[in-house]
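The values are calculated or read from the model by the stated rules, or taken from the named source; none is laboratory data. For clarity, every value in this text was computed on a predicted model and none was experimentally measured. In this analysis, Cβ positions are derived from the backbone assuming ideal geometry, glycine residues included, and neighbour counts consider all displayed protein chains. These accessible areas exclude ligands, DNA and RNA; they are computed on the full protein's heavy atoms, side chains included. Shrake-Rupley method; radii C 1.70, N 1.55, O 1.52, S 1.80 Å.
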Amino acid sequence: MAYIQPGVYEMKNGESVKIRTAHTSDATEMRKLTREVIKEDVGLILTEDEYTFTVREQAQRVHNSLYSPHHLLITALHGGTLCGIASFEPEQPIKKMRHHGHIGLIVAKPYRSLGVGRYLMETIVDWAKTQETIHKVSLEVLSNNEPAITLYLNMGFEPVGCFHNHILQSDGTYADVYRMELITSTPAFQPGDK
C-alpha cells in the first residue's frame with residue numbers, strides 16, 4: 001500500500017501546509033484543481049475539452065493508488081483548501097522497467113512560489129528513496145516553465161533529453177519539453193547477475 005506519514009510544513013508566507021496521502025474524499029477538489037490549472041494553459045498539456053475525468057473516475061484513481069505499492073498520490077492542504085497534487089507512477093509495469101517512474105505535479109496559482117511544490121516533490125522523492133524497487137524518478141516539463149525547471153535543478157534532477165516542438169500551444173507556437181531525472185538509489189543488481 002502506497003502511503004506517506006502526513007507532515008506539516010511552513011510556507012514562505014509563514015502559514016502552514018499539510019502534505020498527506022490523497023483520500024477518495026478528495027476527488028471533487030482534485031478534479032476542480034486540475035481543471036483550474038488546465039484553464040491557465042501554462043503547464044499541463046491537456047486542453048479543457050480533453051480533460052473528461054469524472055469525480056468518480058478521480059476517486060477510483062485515488063483508490064487504486066492506495067492499494068498499489070508502485071503508485072503514490074499525495075495532496076497539499078492549506079486549512080481546508082486543496083492547493084496541490086503530486087503523483088508517482090511507474091512508466092512501464094514490465095519487469096525490466098519497473099525500477100523507474102514518472103512524477104506529476106500541479107499547484108494552485110495562489111500557492112506557487114510559496115514552497116508547496118517543493119514540499120510535494122521532496123515528499124515524493126523521499127518516498128521513492130525508501131522503495132526497494134525504485135532507483136530513478138523522472139519528470140517532463142515545458143521548456144518555458146522556468147520556475148519549475150529551477151526547482152527541479154535545485155533538487156538534483158538532471159536534464160537528460162529534449163523533445164523539440166513537442167507541444168502545440170494555444171497561441172499556435174510550439175514548445176519544447178525537457179525530460180529530467182534523479183537517481184534515488186543504486187540498484188543492488190549488477191550486470192551479469194541473474
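For segment 139-150, the Karplus equation 6.51 cos²θ - 1.76 cosθ + 1.60, evaluated at θ = phi - 60°, returns couplings of 7, 10, 9, 5, 5, 9, 9, 4, x, 5, 4, 4 Hz by residue, with Gly and Pro reported as x. Structure remark: mean-square fluctuation, Gaussian network model of the chain, C-alpha springs under 10 Å; the largest value among 101, 156, 117 belongs to 156.
For segment 94-184, the extents of the C-alpha atoms along the principal axes are 44, 33, 19 Å, listed from largest to smallest.
Here residue 136 is the anchor, and the aspartates and glutamates within straight C-alpha reach of less than 16 Å, apart from those fewer than 8 places off in the same chain, are 89, 91, 122, 126, 158, 181. Using θ = phi - 60° in the Karplus curve 6.51 cos²θ - 1.76 cosθ + 1.60, the 3J(HN,Hα) couplings for segment 28-37 round to 4, 5, 5, 5, 4, 4, 4, 4, 4, 5 Hz; x is entered for Gly and Pro.
Among the lysines, select those whose C-alpha is under 20 Å from the C-alpha of residue 32, and discard any that sit fewer than 8 residues away in the same chain. Within the straight-line limit of under 20 Å, residue 32 reaches these lysines: 18, 109. Compared with the alpha-carbon gap, the fully stretched path from residue 60 to residue 97 is longer by 10.8 nm at 0.36 nm per residue.
Taking all protein chains together and a probe of 1.4 Å, list 134, 183 from the most accessible to the least accessible.
The most accessible residue leads, giving 183, 134.
The residues of segment 90-129 present an accessible area of 53 Å² per residue when probed at 1.4 Å with all protein chains retained. Counting only heavy atoms of the protein chains and using a 1.4 Å probe, residue 77 has close to 20 Å² of accessible surface.
The GluC sites (Glu not before Pro) found in segment 54-132 that occupy coil by DSSP, while having at most 14 further C-beta atoms within 10 Å, are 91, 132. On full extension, the segment bounded by residue 122 and residue 168 gains 13.5 nm, given 0.36 nm per residue less the C-alpha separation. Note that segment 100-107 has calculated 3J(HN,Hα) couplings of 9, x, 10, 9, x, 8, 9, 9 Hz, one per residue in order, obtained from phi through the Karplus relation 6.51 cos²θ - 1.76 cosθ + 1.60 (θ = phi - 60°); glycine and proline are x. The amide H of residue 68, built 1.01 Å from its N in the peptide plane, has 2 as neighbours under 5 Å, considering only residues 5 or more places off or on other chains. The label-point distance for residue 179 and residue 50, in a model that sets each label 7 Å from Cα toward Cβ, rounds to 1.9 nm.
Could you grab the relative contact order for segment 1-127? Cα pairs under 8 Å, six or more apart, rounded to a whole percent.
Once normalised by length, the contact order is 26 percent.
Using a 10 angstrom cutoff on alpha carbons, build the Gaussian network for the chain and name the most mobile of 12, 96, 39. In this elastic network of the chain, the residue with the biggest mean-square fluctuation among 12, 96, 39 is 96. For residue 53, what accessible surface area do you get with a 1.4 Å probe? Give it in Å², rounded to 10. Spelled out: residue 53, probe radius 1.4 Å, area about 70 Å².
Roughly to the nearest percent, how much of the accessible area of the chain is carbon and sulfur, given a 1.4 Å probe? Present the calculation step by step, with values, prior to reporting the outcome.
Details: 5770 of 11230 Å².
Roughly 51 percent, rounded to a whole number.
Mean projected area of the Cα convex hull of the chain, taken over all directions, amounts to 11.8 nm². Volume per residue for segment 13-73 equals 121 cubic angstrom (convex hull of Cα atoms). GNM, the chain, Cα, under 10 Å: largest mean-square fluctuation among 160, 17, 107? Largest GNM mean-square fluctuation: 160. Between the C-alpha center of segment 60-112 and that of segment 121-174 there is a gap of 14 Å. Looking at segment 1-72, the accessible area is 63 square angstrom per residue; that uses a 1.4 Å probe and ignores ligands, DNA and RNA. Scanning residues 5 or more positions from residue 102 or on other chains, those with amide H under 5 Å from its amide H are 89, 91, 138, with H placed 1.01 Å from N in the peptide plane. In the complete set of protein chains, residue-level accessible area for residue 41 is approximately 80 Å², probe 1.4 angstrom.
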